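The values are calculated or read from the model by the stated rules, or taken from the named source; none is laboratory data. Please read all numbers here as calculations on a predicted model, not as lab measurements. In this analysis, Cβ positions are derived from the backbone assuming ideal geometry, glycine residues included, and neighbour counts consider all displayed protein chains. Protein only, heavy atoms only, side chains kept; ligands, DNA and RNA dropped before computing areas. Shrake-Rupley method; radii C 1.70, N 1.55, O 1.52, S 1.80 Å.
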Amino acid sequence: LLWLVAGAAAPAPLHQALVTVSLAADGARATVKLDRAVTRFVFAAVDTVRNGTFELLTPGLTFADDTVTSRKPFTQFTLRIRAETREHDGKYPAYYTVGRGGLLYVPALLGGDGWQSRIRLIAAPGTVRLPVAESLTNGYVFIGPRAAITDTPASAVVADPTTPRWLTDASRAELGKAVRYFSTALGIALPRKPLLVVKNIDDGTGFVGDVTPGPVTALRFHGAPATPDPVNQAQITGFVFHEAFHFWNGGIADN
């Protein structure tokens, strides 16, 4: 018997997409430059909602279902990313404001199959981005005034100015306890200090937390009271400990 075994075909080279992002008064701006002309560009399938958030600013192109299309080939387009104001179950907001800055979910801007994306952030004078050590392709990034960041031994903290002070302080304290507890219990330390982002939104009730590599913990409270009570404190403790554990079971700290 003669067996013929075909070798694996060499993968096709990835095309390049350079995404340049800056903040504006009406949201974030993203300009995508492609290294070849196409009539269809599909964003990567990630856990975010783009429809209703991404607004295409380039004439002659249309955007729907995570796809930019045109009858004529194009090599560049610009988007306005509206600040998200409501929650979507199981989805990361592509962008939402935190004071005079914002939190950007970078994977929302990545190209899909066949594209290798590079992200470049343009920071205005007096603004910074955190985390600074990440590759800018796998999680949240805060862009905003340096003065908005409070650096503590356990974490860097960014809080929306409308958030009650007790809520920010409680979230920061509980995150510090949680990180110390899990680091000791699991015997695995975090690779870097967390960034904690806290925002209270007046409408609705409840709270939502997102954790992404960096590590970034984004906590959004809805309708938090101006002053705490024992029920609030207990809820925050359980909530923050739950979110902090994702540092270890979400692939951020090596096991």
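Couplings 3J(HN,Hα) for segment 101-115, derived from phi with the Karplus relation 6.51 cos²θ - 1.76 cosθ + 1.60 (θ = phi - 60°), are x, x, 10, 10, 8, 4, x, 5, 9, 7, x, x, 4, x, 10 Hz, where x marks Gly and Pro. Only lysines eight or more places from LYS193 in sequence, or on another chain, were considered; those with a Cα closer than 27 Å are LYS91, LYS177. Charge tally for ALA244 (other residues, Cβ to Cβ under 14 Å; Lys, Arg +1; Asp, Glu -1): +1. Assuming charge only on the beta carbon of Lys and Arg (+1) and of Asp and Glu (-1), the dipole of segment 144-213 about its Cα centre is about 360 debye to the nearest 20.
About the Cα centre of the chain, what is the dipole size in debye to 20, counting +1 per Lys and Arg Cβ and -1 per Asp and Glu Cβ, all else neutral? Could you put the intermediate results ahead of the total?
On the way: 24 positive and 21 negative charges, 173 e Å.
In debye, rounded to 20, the chain gives about 840.
Within straight-line reach of LYS72, meaning a Cα separation under 27 Å, sit the following lysines at least 8 residues removed in sequence or on another chain: LYS33. In the chain, the longest principal axis of the Cα atoms and the axis of helix 165-186 are about 70 degrees apart. Using C-alpha pairs under 8 Å with a sequence gap of at least 6, the mean separation divided by the residue count of the chain gives a relative contact order of 15 percent.
For segment 58-142, the spread of Cα positions along the three principal axes, ordered from largest to smallest, is 40, 28, 25 Å. Farthest toward the positive end of the dipole of the chain, out of LEU18, GLY102, ASN232, is the Cα of LEU18, where the dipole comes from beta carbon charges about the Cα centre. Given the alternatives [x] 68, 59, 33; [y] 51, 46, 39; [z] 52, 36, 35, Cα extents along the principal axes in Å as computed for this entry is given by [x].
Protection proxy ranking, highest mean first, for peptides 236-244, 118-126: 236-244, 118-126, where packing is the per-residue count of other beta-carbon atoms within 10 Å, averaged. Of the residues GLY144, VAL208, ALA170, the one whose Cα sits farthest towards the positive end of the charge dipole of segment 103-234 is GLY144 (charges of +1 on Lys and Arg Cβ, -1 on Asp and Glu Cβ, taken about the Cα centre). Annotation for segment 103-132 versus segment 11-85: alpha-carbon center distance of 13 Å.
Can you pull the percent of segment 60-187's accessible area that's carbon plus sulfur, 1.4 Å probe, other chains left in place? Before the final figure, lay out each step's value.
Numbers: 3220 of 6480 Å².
C and S atoms contribute 50 percent here.
Between amide H atoms placed 1.01 Å from N, distances below 5 Å from VAL197 occur with VAL158, THR217, ALA218, LEU219, all of them 5 or more places distant or on a separate chain.
Just add up the charged neighbours of VAL49: K/R +1, D/E -1, any other residue whose Cβ is under 12 Å from the Cβ of VAL49.
Values: positive: ARG50, ARG82, ARG86, LYS91; negative: ASP47, ASP65, ASP66, GLU84, GLU87, ASP89.
Computed value for this residue: -2.
At a temperature of 37 °C and a viscosity of 0.692 mPa s, determine how fast segment 73-222 diffuses translationally according to Stokes-Einstein, using the Kirkwood radius over alpha-carbon pairs as Rh; express D in µm²/s, rounded to the nearest whole number. The diffusion coefficient I find is 198 µm²/s.
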